[in-house]
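Nothing in this text is a laboratory measurement; each read-out follows from the coordinates by a stated rule. Computed from a prediction, not measured in an experiment: that's the story for all the values here. Cβ sites come from the backbone with ideal geometry, for glycine too, and all protein chains shown count toward neighbours.
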Amino acid sequence: MALRDRSINMIRDYSSSSNISGNGISMHRGRFISMTSLMQKNLVGFKLADIGEGIREVTMKEWFVEPGDKVSQFDKICEVQSDKASATITSRYDGVVRTLYYKVDETCLVGSTLVDIELEEQQDDPAQNKEVKSMIEPSEIEIASLPKELKSLNEKALSTPAVRKIAKENNVNLADVPASGKDGRVLKEDVLAYLVKIANKTETEEVSVAKVDQSIEQLSKALSSKKYVKHMWKSMTQSLAIPHFVYSDECDVSKLIKLRNQVKEAFNKQGLGLSYMPFFIKAISQALLQFPILNALINTETESLDIKQEHNISLAMDTPDGLIVPNIKNVQKLNIFEITKELNRLQELGKKSSISPTDLTGGTFSISNIGIIGGTYTKPIILAPQIVIGAFGKIQKLPRFDEHNNVIATNILTVSWAADHRVVDGVTIAKFSNLWKHYVENPSFLLIGI
Ligand code: COA
């Protein structure tokens, strides 16, 4: 075996044997540095970082590079999709792409090498250390940022090979497509939006019906292959293996509406929007203090429950990228104002598709407020390894009897809890729900904390 090839293989051996413990890293790092300086050849395997929260695999969504491409640090390498979010992986090196290890749609394991990059020249040790660091610092994965209206600067920066392919398949001239990506890059979404525009325009301008049909067909094909749909499919199919126990009830939220109306203005003056969610979230935390078993993660291998002290409440959020589930951490330590601040922060980030992996991981209990759209009762699906999820319906003014049997107009919120019936029985959920309902119906108890 030639000296250079041996060097490459040894580096790959190093990569595959890396572990994330502090001792392991420093030991391996030392060996790696000494070999590369000896061989004067820098082929590095760029790995998929551990993004925590039990995520072991992602799907390769899109490559922004191909073998032979020159890349600089922070250039986009690829986009991957987990069942929680999509993430753009950026380069840590200046160099030339040599090998891509996964095809689009293939499953990539955390810790495996995504791409080999041949460094332009011998780079300093810190660059090598970054590779090790990438195994232990999930925060260095950058969630795809909000597209901005930017003009394209040059042909090379216009788009990725994948986008060019979609454009070509649809007879679209990329120069006609308004670019919204960083540095004027035309994104896949831009091409799809352009195709919709063409489809609408064609209708009004009576251009051939055949062309409209073709565009719509291409568009629906592209949309149906959106990776978050694929991941939702996978994670929800897995969740359906869980025996769900569903319990529903209704609450009178008249006092809550009054309280919220009283303080809303004060929140607005602080630059915050106040909805009902912070009260629902705090009520969950207060109730969990008495039912800690419901704030737990299940381990199906050891058939055990890991009860969590922190109430990290995950909430289903509708964003331009689809459904994502960030969480508000340590709700047991937060008051309504602090929860509102966190919720506003996450909503702002959600709009920009820039919620961090930290916000997306570590959830212990989930909720979904579908009521802002409509509906009364819904059966939520548990987000494993969590064991409970709650869903709220639309608040409606409905006739109900008071204690004197008079019919009165009442503001009714419906709630449905789904729990993993392997570890939670119906009585526990019913008692928890009653306590939650008590707090939501009497929100002053939330403010005084008992
Ligand atoms: N019934 C009636 N009105 C409701 C309501 C409900 N259940 N929930 C919220 N509202 C009101 C709010 O009070 C607010 O009214 P306002 O303008 O008078 O203040 C308005 O609807 C919009 O509220 P918003 O700030 O968007 O939502 P929120 O704080 O209540 O909820 C999210 C935040 C993130 C949960 C929400 O924006 C969202 O994305 N919901 C969709 C969740 C989803 O997709 N679930 C399905 C999962 S499969």
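Oblate is the label for the range 400-450, because the ratio a/c of its alpha-carbon gyration tensor axes (a ≥ b ≥ c) is 1.5 or higher and a/b is not greater than b/c. Using 1/(1 + (r/R0)^6) with R0 = 41 angstrom and r between the beta carbons of residue 323 and residue 175, what's the FRET efficiency to the nearest 0.05? Working from the Cβ atoms, E equals 0.75.
Model label points for residue 447 and residue 275, set 7 angstrom from Cα along the Cα-to-Cβ axis, are 2.3 nm apart. Summing charges over neighbours of residue 303, with a neighbour being any other residue whose Cβ is under 13 Å away from its Cβ, gives -2 when K and R count +1 and D and E count -1. Positive contributions from Lys and Arg (+1) and negative ones from Asp and Glu (-1), summed over other residues with Cβ under 11 Å from the Cβ of residue 97, come out at -3.
Based on other C-beta atoms within 10 Å, arrange 364, 160 from fewest to most. Display every interim value, and only then the final one.
Details: 364 25, 160 21.
In order of increasing Cβ crowding within 10 Å: 160, 364.
The simple spin-label model puts a point 7 Å past each Cα toward its Cβ; for residue 421 and residue 408 those points are separated by 3.7 nm. A Förster radius of 30 Å, combined with the Cβ-Cβ distance separating residue 307 from residue 345, puts the computed FRET efficiency at roughly 0.65. Given in Å, the Rg to one decimal and the Dmax to the nearest whole number for the Cα atoms of the range 276-397 are 14.2, 47. Determine the alpha carbon to alpha carbon distance for each of 165/188; 282/341; 258/379 and list only those over 20 Å. Table pairs above 20 Å Cα-Cα are 258/379. Relative contact order of the range 326-431: 21 percent, from C-alpha pairs under 8 Å at least 6 residues apart in sequence.
Sorting 338, 301, 66 by the number of Cβ atoms found within 10 Å of their own Cβ, with the fewest placed first, yields 301, 66, 338.
Based on Cα contacts under 8 Å between residues 6+ apart, the range 301-381 shows a relative contact order of 37 percent.
From least to most packed, judged by other beta carbons within 10 angstrom and beginning with the fewest, 78, 108 follow the order 108, 78.
On a full-extension model of 0.36 nm per residue, what is the gain between residue 262 and residue 233, subtracting their alpha-carbon distance, rounded to one decimal in nm?
Values: separation 29, 0.36 × 29 = 10.44 nm, distance 4.24 nm.
Here the answer is 6.2 nm.
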